[in-house]
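Worksheet for the structure shown next.
Readers should treat all values here as calculations from the given coordinates under stated rules, not as data from a laboratory. Please read all numbers here as calculations on a predicted model, not as lab measurements. No Cβ is skipped: glycine too gets one built from the backbone with ideal geometry, and neighbour counts run over all protein chains shown.
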Amino acid sequence: MVKPCLAFQSLGRRALLQSLLVSGAGLMSARHAMASDDPARSLAVVYPDIGEPFRSVFAAIIEGVEDRVKGRVASFALGVAGNPQDVLNELRRREIRAVIALGRNGLKLAASLDRQVSVVAAGVLSVPEGEAQAFPVYSLAPDPALLFARLRALNPAVKKVMVVYDPRQNAWLIKLARDAAKGAGVELQTYEAEDLRTAVRAYQEALASADPRRDALWLPQDSTTVEDSAVLPLVLRQAWNQSLTVFSSSVTHVKRGVLFALYPNNTELGRVLAGVALAQLGASAGTPRGVLALRDVLLAVNTRTANHLGLSLEASPLRFSLVYPEP
């Protein structure tokens, strides 16, 4: 038998090596193609492991995410006693390329992710400005433009909206509200307060000067100025006596007597978050950044308060998702 020459043997080895390299590259390409064809495999949701009613909220958001991507997504509950590093390791093992981070715990984990992983966050009221520039953060605070539009639809006589707020919490929201007020054709009168005593004085001043025929009071989600145990009862009692329209960014206030509030449509929010995450996976240049006010909202109304103010809800074209007192 004639032995092959060394040159031929070398060529055979090189051909085999090239074949293996091409096969490996093909497997990697196929793997990424599978992830692209099935975006649910590249996406994960991280959220705080806390009790009701928040657990149901996060479940509804995840339901919306899965409806948008047409498949199950990996979801990780972040417990107080758990090790976030375990979740980070699992995200890397699964080659997750986009994360929807919910709540404060989700945001904390997102800060530790590899830079190659895209992030969209939700389930918080606001974040420090420096953190908000890295990725989109969908706030729990309803967009003032939607609030003012619902206000004018329910009570067209309103020409001025008064609001007491803590600038450390809601300066970004009031900035949006100023523009929204111009679009809605109402005047926005703001009062700044960084402590409870100042907030009470501001409410007293606002209520003393209010004209119930044309003014309304807005209660934002603000732990300083909208304190539930002392401030809220005082404000609602005085507003009721004056027949002054009060509306809120918190749905729990409707049951206590404000005219209406907007609150999150959690399933629809999940669809929106998934859409943004998919756009990020597609390297879309149009994805937003920074804190964004909530636009996927539902409307709650208090019929007893509407009757007290002389407002007819039957004639309203608005759709109410919650009605108090319950029929």
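Taking every Cα-Cα distance in region 281-324 and sorting them into 10 Å bins starting at zero, the pair-distance distribution P(r) comes out as 20, 32, 18, 17, 12, 1 percent. Each 5 Å bin from zero up to the one holding the largest Cα-Cα distance in region 189-236 carries the following percent of pairs: 4, 21, 36, 26, 11, 3. The aspartates and glutamates whose alpha-carbon is closer than 12 Å to the alpha-carbon of Lys70, local same-chain residues fewer than 8 away aside, are Asp37, Asp38. Once divided by 2.2 N^0.38 Å, the Cα radius of gyration of region 125-194 becomes 1.20.
Hey, what D do you get for region 205-313 in µm²/s if you plug the Kirkwood alpha-carbon radius into Stokes-Einstein at 25 °C and 0.890 mPa s? D, rounded to a whole number, is 153 µm²/s. The length gained on full extension between Arg201 and Arg168, counted as 0.36 nm times the residue separation minus their Cα-Cα distance, comes to 10.0 nm. A crude spin-label estimate for the pair Ala153 and Ala111, with each label 7 Å from Cα along the Cβ direction, gives 3.9 nm. For region 222-327, what proportion of DSSP beta bridges, expressed in % and rounded to the nearest 5, is antiparallel? Bridges in region 222-327 that DSSP calls antiparallel: roughly 50 percent. Of Ser209, Ser229, Ser250, the sequence from fewest to most neighbouring Cβ atoms within 10 angstrom is Ser229, Ser209, Ser250.
Projecting label points 7 angstrom from Cα along Cα→Cβ for Ser223 and Glu314 puts them 4.5 nm apart. Note on Asp179 and Thr252: their simple-model spin labels are 3.1 nm apart, each label 7 Å out from Cα toward Cβ.
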